[in-house]
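**Q** Got a structure for you, written out below as structure tokens; questions coming shortly.
What follows draws every value from the coordinates through simple rules; no lab data is involved. These numbers come from a predicted model, not from an experiment. Here Cβ is always computed from backbone atoms with ideal geometry, including for glycine, and neighbour counts include all displayed protein chains.
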Amino acid sequence: MIKIHIRRRISEDHQHALMELINQMRTAIVGNPGYISGETLKRVDQPGEVLVVSKWQSHYYWNQWHASRERTAIQEKIDQLLGAQPPYELYEHE
């Protein structure tokens, strides 16, 4: 099993728009092969920082989702809002 961490920073003016897009992504991801769960965390001591954590059965399934048109279309909107692509951190669960 793997976990994907996606950390994003955004101004307070755009937080609502970002959360709407993250929710669209979450709706699109449910039911995809290999997807287990996900959560969105807003950092308490750093306003504007959001961490999305998703859990997958394997790297293979994550790669399928990451390459999908559905994810890419939503991610492009997020990237436009942020002005940059977020880093993806992949962790293997022991």
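**Q** For region 9-44, which residues satisfy the criterion of being in a helix (DSSP H, G or I), free of Cβ contacts under 8 Å to residues at least 24 places away in the same chain and closer than 20 Å to A73 by Cα?
**A** Listed by number, the residues that qualify are H16, E20, N23, R26, T27.
**Q** To continue, here is another question. Report every pair of residues separated by at least 6 positions or lying on different chains whose Cβ atoms are under 9 Å apart, first residue within region 62-85 and part of a helix (DSSP H, G or I), second among the hydroxyl-bearing types (S, T, Y) and surrounded by 15 or more Cβ atoms within 10 Å (Cβ to Cβ).
**A** Here the result reads W62/Y35; W62/S54; W65/Y35; W65/S54, each pair linking region 62-85 to a residue that is among the hydroxyl-bearing types (S, T, Y) and surrounded by 15 or more Cβ atoms within 10 Å (Cβ to Cβ).
**Q** Conditions first: (1) within 12 Å of the chain's Cα centre (by Cα); (2) β-branched (V, I, T); (3) surrounded by 15 or more Cβ atoms within 10 Å (Cβ to Cβ). T27 passes all but one, so which condition is the exception?
**A** Among (1) within 12 Å of the chain's Cα centre (by Cα); (2) β-branched (V, I, T); (3) surrounded by 15 or more Cβ atoms within 10 Å (Cβ to Cβ), T27 violates only (3).
**Q** Filter region 39-54 down to the residues that are surrounded by 12 or more Cβ atoms within 10 Å (Cβ to Cβ) and either more than 15 Å from the chain's Cα centre (by Cα) or closer than 19 Å to A17 by Cβ (or both) and list them by number.
**A** T40, L41, K42, R43, P47, G48, E49, V50, L51, V52, listed by residue number.
**Q** Identify the residue in region 55-89 that is touching a helix residue (DSSP H, G or I) at 6+ places or on another chain (Cβ under 7 Å) and surrounded by 13 or more Cβ atoms within 10 Å (Cβ to Cβ) and, among all such residues, is nearest to H5 (Cα to Cα).
**A** W56
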